[in-house]
Amino acid sequence: MKRILIADDHDAVRSGLRAVLEQRPGWMIVAEASDGRSAFEAALKERPDVAIVDFFMPRMTGLEITRGIKKHLRETEVLIFTAHESGVLAQEALQAGARAFLVKSDANKLLLAAVEALMARKPFVGGRFWGQSGREDEAGEGHVKLSPRERLVVKLVAEGYSNKGISAMLSSSVKTTETHRASAMGKLGVNSIAGLVRYAIRAKLIEE
């Protein structure tokens, strides 16, 4: 019996995932969690084969959960699940140790395939992001090389999040977020949020 953990702060999302996954014979949901800390503790206790973790979770982010799982539970594979369509997030997830990345809007058609891949110890990245992560800045201004965290901050700023909101999502200090934002603006040669938004659109970090 293959054991699966589901971690998302929305009850409806967890219920939907459970309904899809339990259709597959031999798969069992051993734990659910609505925040990051509970998810990590449940993973340590249940030692699932696969952990499906939302990218943005309260108390611990999906990236922090992933790093913790890969440090203590090397046999557990992680699928990062998010509502945000971004190769930047995909790269962050894979660098943290996740082997799969999936956008929630693709769950109905790709979730089972993603989990099957993880059960077989194979990577899975949702179709639109395969081969794209880490290269989004080339779409607009190829000579500019932002770090993965700088690109993520630029994306979130362009989506309208404040420094405080970004810091909460990434579990970092406001000062750290401001540093990444200032560094990105310096590299891009822009001095306003409007400039960051224009870059984010050109680099396909957000939809126009």
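Here are some values of volume of the Cα convex hull per residue in Å³: [x] 125; [y] 170; [z] 111. Which one was computed from this structure?
Computing volume of the Cα convex hull per residue in Å³ and matching it to [x] 125; [y] 170; [z] 111 gives [z].
So for each of 90-102, 66-78, 173-185 I average, over its residues, the number of other beta carbons within 10 Å; can you give me the resulting order with the highest mean first? Walk me through the numbers before you get to the answer.
On the way: 90-102: 23.5, 66-78: 18.5, 173-185: 16.5.
For the peptides 90-102, 66-78, 173-185, the packing ranking is 90-102, 66-78, 173-185.
Given +1 on the Cβ of Lys and Arg, -1 on the Cβ of Asp and Glu, and no further charges, what dipole in debye does segment 2-129 carry about its Cα centre, rounded to the nearest 20?
Dipole about the Cα centre, nearest 20: 440 debye.
I'd like the orientation of helix 62-72 relative to the chain: the angle between its Cα long axis and the longest Cα principal axis, in ° from 0 to 90, rounded to 10.
Compared with the principal axis, the helix lies near 50 degrees.
Relative to the longest principal axis of the C-alpha atoms of the chain, give the angle of the C-alpha long axis of helix 148-158, reported between 0 and 90° and rounded to the nearest 10°.
70
Per residue of the chain, what 222 nm ellipticity follows from adding -39500 (n - 2.57) for every DSSP H run with n ≥ 4, rounded to the nearest 500?
Counting only the DSSP helices, I get -15000 deg cm²/dmol.
Using a Cα-Cα cut-off of under 17 Å, which lysines could be cross-linked to Lys2, ignoring same-chain neighbours fewer than 8 residues away?
Lys2 reaches Lys45, Lys122.
Between 0 and 90 degrees, rounded to the nearest ten: what's the tilt of helix 107-119 against the longest Cα principal axis of the chain?
It is inclined by approximately 70 degrees.
If I take every Cα pair under 8 Å that is 6 or more residues apart in the chain, average their sequence separation and divide by the length, what percent do I get for the relative contact order?
About 16 percent, as a whole number.
Once each part is reduced to its C-alpha centroid, what is the distance from segment 92-115 to segment 60-83 in angstrom?
Comparing the Cα centres of segment 92-115 and segment 60-83, I get a distance of 12 Å.
Along segment 167-181, what does the Karplus equation 6.51 cos²θ - 1.76 cosθ + 1.60 (θ = phi - 60°) give for ³J(HN,Hα), rounded to whole Hz, x for Gly and Pro?
4, 5, 5, 9, 6, 10, 7, 4, 4, 5, 4, 4, 5, 5, 5
Could you give the length gained by full extension between Thr176 and Arg3, i.e. 0.36 nm per residue of separation minus their alpha carbon distance, to one decimal place?
Length gained between Thr176 and Arg3: 58.5 nm.
What's the tally of Lys pairs in segment 137-202 whose alpha-carbon atoms lie under 16 angstrom apart, where the two lysines are 8 or more places apart or on different chains?
Close lysine pairs found across segment 137-202: 5.
Just so you know, all these numbers are worked out from the coordinates, no wet-lab data involved. On a predicted model such as this, the values are computed, not experimentally measured, just so you know. Neighbour counts are summed over all protein chains in view; Cβ atoms, including those assigned to glycine, are modelled from backbone coordinates with ideal geometry.
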